1. Sort Asp438, Asp393, Asp298 by accessible area with a 1.4 Å probe, largest first.
2. Relative contact order for segment 90-247: what percent, with Cα pairs under 8 Å and sequence separation of 6 or more?
3. Need the C-alpha centroid separation for segment 155-173 versus segment 303-326, integer Å.
4. Specify the inter-centroid distance of segment 114-139 and segment 371-406, based on alpha-carbon positions, in whole Å.
5. How large is the direction-averaged shadow of the alpha-carbon convex hull of segment 100-140, in nm²?
6. At a 1.4 Å probe, what is the % contribution of carbon and sulfur to the accessible area of the chain?
7. If you scale each eigenvalue of the Cα gyration tensor by 5 and take the root, what three semi-axes come out for segment 1-109, rounded to whole angstrom and sorted largest first?
8. Excluding residues on the same chain fewer than 8 positions from Lys322, give the aspartates and glutamates whose Cα lies under 14 Å from its Cα.
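The values are calculated or read from the model by the stated rules, or taken from the named source; none is laboratory data. Remember, predicted model here, so these are calculated numbers, not experimental data. Cβ atoms come from the backbone with ideal geometry, glycine included; neighbour counts cover every protein chain shown. SASA here: full protein model, heavy atoms, side chains in, ligands and nucleic acids out. Shrake-Rupley method; radii C 1.70, N 1.55, O 1.52, S 1.80 Å.
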Amino acid sequence: MSARALMMLGTASHVGKSLLTAALGRIFSNDGYRVAPFKAQNMSLNSAATPDGREIGRAQALQAEACRVTPCAEMNPILLKPSTDCSSQVIVLGRVWGNCSASDYHERRVEDLFPVVVESYRKLAAGHDVMVLEGAGSPAEINLKAHDIVNLRMARAAGASCLLVGDIDRGGVFASLLGTLEWLDAEERALIHGFVINKFRGDVELLRPGIAMAEERLKIPCLGVVPYLRDVGLEEEDSVALEDRRTVSRVWREESESPGRALRVGVIAFPYLSNFTDFDALSAEPSVSLAFLERAEDAGRADLLVLPGSKQTMDDLAWLRKTGFADAVLKFRGPVLGICGGMQMLGQEIRDPDGVEGDSQACGLGLLPIDTTLAAVKTTRQVMGRALSLDRDFRGYEIHLGETTYRDGAEAFAEIDGHADGAVAGNVSGTYVHGLFDDDSFRHTFLWATRKQCGLEQATAVVFVHAEREKRIERLASHVRESLDMEGIRKMLKL
């Protein structure tokens with residue numbers, strides 16, 4: 001392992017490790033180093049397909065993009081996709097490995113898988129100058145630390161210098177920094193060479209006395225205070241970020257019914273909603289007001305109703321019926337779109353003969369003339385296709401279990417490599433493709449057609465999210481470079 005290694009650890013989840021890792025990857029790339037990201041184990045329902053058809057965390061795909069390298073399964077050798085509060089589907093090197101309870105995984109399986117993690121890291125490190133690693137949660141989860149393979153054990157295996165990141169925006173940053181280090185033993189503390197305060201708002205001079213006291217108490221330097229950056233426009237890592245997403249009470253306050261108003265897009269917030277980043281680009285459009293719907297009674301306020309992807313299709317379908325959302329969808333008279341699991345729910349029947357999700361069979365909502373049979377083998381691939389009704393090309397990716405068949409008279413939503421994808425029936429459409437709305441051309445055409453269908457005037461302004469993505473990564477990297485002591489970090493890494 002010839003690469004120099006820098007690891008971003010956090011005092012908790014959602015302190016900004018993922019975006020800081022991406023920013024540092026771009027900084028090192030801009031400075032002429034061959035750099036790659038790495039996260040030993042990720043727990044997330046947001047995933048991406050690599051060019052060779054493997055599944056990794058979406059954050060690692062973004063980090064690879066920032067590092068200007070092709071994403072691969074070795075960058076995230078273990079991906080945990082929660083199935084319940086106490087169990088997860090385990091993805092190893094981009095393929096389904098099995099399903100485990102939390103106790104079984106942490107007490108037994110994780111030790112079997114750590115050699116795979118180390119070998120993945122060695123393979124990547126051999127071809128790069130710098131490796132930027134991301135931890136998970138906190139290294140001081142004392143109930144899990146004995147079998148923690150993503151934080152300090154991985155840091156030791158990589159010979160990494162670690163930075164500890166705290167989020168000041170949520171309060172208590174100095175206590176969280178101190179508390180984290182206090183729970184580590186001397187050998188573990190020696191791996192942490194500095195701390196970073198993230199998401200700061202206000203006058204940094206007022207913070208300096210606290211930084212000085214923290215440096216004296218912690219015995220490590222502060223290597224930067226990163227100001228809060230608004231409108232980053234890049235994917236968050238996990239569903240912790242969904243707590244901060246748009247809800248009806250935050251977004252749909254305006255009751256204007258003028259034809260020039262924003263298109264109200266309602267995305268049903270399934271308990272096992274996956275790949276909610278599908279809607280980031282759509283929500284960035286000035287002509288769109290997108291909200292995640294938590295109450296069935298709000299569905300009627302939407303112009304476009306979306307059933308998103310789901311990690312547990314059967315469970316979320318049952319939840320739709322229990323909460324009244326199923327009736328709301330059936331009564332809805334505007335356009336309805338189902339993506340992946342959401343499309344499966346809109347069909348006639350879902351069968352699970354192999355017990356992939358536990359139930360043998362369930363009736364769908366009956367709005368699309370399709371049937372789905374779940375299977376243990378997962379389809380994971382990047383795709384290019386053409387939406388037939390819109391006559392527009394698109395790019396995206398598929399990550400799903402099962403095969404969907406058509407009933408007589410069914411019409412496809414799209415054509416991909418000469419094969420049908422999804423279905424259309426009246427105002428209801430469905431597709432297996434994630435990331436559709438990341439494609440600027442497709443998104444603009446879709447919005448033009450949907451606004452027209454809803455009797456709204458065409459948008460006077462659009463955004464080019466895909467075209468501006470590189471600028472967003474550079475903006476983040478520039479912001480972080482100005483905020484961190486990069487000279488100190490280079491010396492720490494002996495670059």
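1. From most exposed to least exposed: Asp393, Asp438, Asp298.
2. Relative contact order comes out at 17 percent.
3. Centre-to-centre distance over Cα atoms comes out at 37 Å.
4. 32 Å
5. Working: hull surface 15.5 nm².
With every direction weighted equally, the projected area is 3.9 nm².
6. 49 percent
7. Those come to 26, 15, 12 Å.
8. Glu294, Glu297
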